[in-house]
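The values are calculated or read from the model by the stated rules, or taken from the named source; none is laboratory data. The shown structure was predicted, so the numbers you read here are calculated from the model rather than taken from an experiment. Using ideal geometry, Cβ is built from the backbone for each residue, glycine included, and neighbour counts are taken over all protein chains shown.
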Amino acid sequence: MNLANDIFSIKSDKEFSDLALMVFNYQYENNKVYKSYVDLLKRPFPKTVEEIPFLPIELFKTQTIICGTKPDDCLEFLSSATTGSIRSKHFVLDPKIYETSFLLAYKKFIGNPEDQVILALLPNYLEQDNSSLVYMVDQLIELSKNPLSSFVLNQPEEVKKSYDCAIQQGKKVVIFGVSYALLDLAEKQTNLSEATIIETGGMKGRRKELTKLELHLELMKGLNVKFISSEYGMTELLSQAYSLSDGKFHAPAWMKISCRDINDPFSITPFGKTGGINVIDLANLYSCSFIATQDLGKCYDSQTFEVLGRFDQSDIRGCNLMVE
């Protein structure tokens, strides 16, 4: 069985569970950091997916999370960072797995890039090297095969101009934007009523933080759209979930979500109850597929969830055996 090929052909919960257990065994045997963490917990032989330990995401900041030995030419993604903060590193042994993952999820939830004009307002990501988001959007722009598709830096008038031209061509328009850049457009009352707006999170220290609801209401009003989509992705993951008109995130078949109890990180909360978000991302085949994030949320089923905020450092209990 070829794990890399099987990841994207999952058709049932049983196939997912069987493959997840095989991926766990592979990573336990080949990922030194994950093996050390699992051994600390004394949980090396899970019989079900629910028994698999989740690695604290903070370890991507201090450890080399990789199966085997990191080659010199390994693709390396770095998280965005504020001044003085430590950036997470994700070493990607097989970029084709990442490219397959993001393209299949994008086609499922957003559409075929060949039918679209894709604009990207991601100035802070472009300013910092090795962004997985920039890598993804750059590939999608190339796949659109349209000269109007591009990265746009602090030029709201160019966004409107490209949008109008795309609509005249009969193309769908997708705009990826960091929160503060989209707010700049909204404050200028930029009518983008036929576009799909994908907000990629965070003010990055450029503006006062807003709740997701406050942000989306302002963007809907200023951009004249009925809803704002979001992308749930991060440096440490090679898959993305997307929110659409219902406001909930939806994950692809090779990605599953659960929420852990805030006070007992090894206990999973029932659907609909707030907890810390755990992610199984089978596309992370050569790093670690089982990640305990610092996000708070609610799961409605194993592939539908909301993000409500983030843990404070003081809230992280029990999951930081190796962090300290």
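Would you check which residues across region 3-53 are part of a loop (DSSP other than H, G, I, E, B) and either outside the structural domain of Cys259 (by TED's automatic domain parsing) or touching a Pro at 6+ places or on another chain (Cβ under 8 Å) (or both) and list them?
Residues satisfying the conditions are Arg43, Pro46, Ile52, Pro53.
Among the listed residues Ile66, Ile57, Ile86, Ile110, which satisfies the condition of being assigned by TED's automatic domain parsing to the domain that holds Phe266 and within 15 Å of the chain's Cα centre (by Cα)?
Every option except Ile57 fails the conditions.
Give all pairs with beta carbons closer than 7 Å in which a residue from region 182-202 that is touching a residue at least 60 places away in the same chain (Cβ under 8 Å) meets a residue that is among the acidic types (Asp, Glu) and crowded, with 22+ Cβ neighbours inside 10 Å; count only pairs at least 6 apart in sequence or on separate chains.
Leu182/Glu199; Ile198/Glu231; Thr200/Glu231
Could you tell me whether Asn191 is among the polar types (S, T, N, Q) and part of a loop (DSSP other than H, G, I, E, B)?
yes
Can you spot a residue in region 150-173 that is among the β-branched types (Val, Ile, Thr), in a helix (DSSP H, G or I) and over 19 Å from the mean Cα position of the chain (by Cα)?
yes
Restricting to region 16-34, name every residue that is closer than 14 Å to Lys47 by Cα and among the β-branched types (Val, Ile, Thr).
Residue satisfying the conditions is Val23 alone.
Condition first: buried (at least 19 other Cβ atoms within 10 Å of the Cβ) and either without any contact (Cβ under 8 Å) to a residue 12 or more places away in the chain or polar (S, T, N, Q) (or both). Now tell me which residues in region 64-97 satisfy that.
Ser79, Ser80, Ser88
Hey, does region 221-230 have a residue that's among the aromatic types (Phe, Trp, Tyr) and touching a residue at least 40 places away in the same chain (Cβ under 8 Å)?
no
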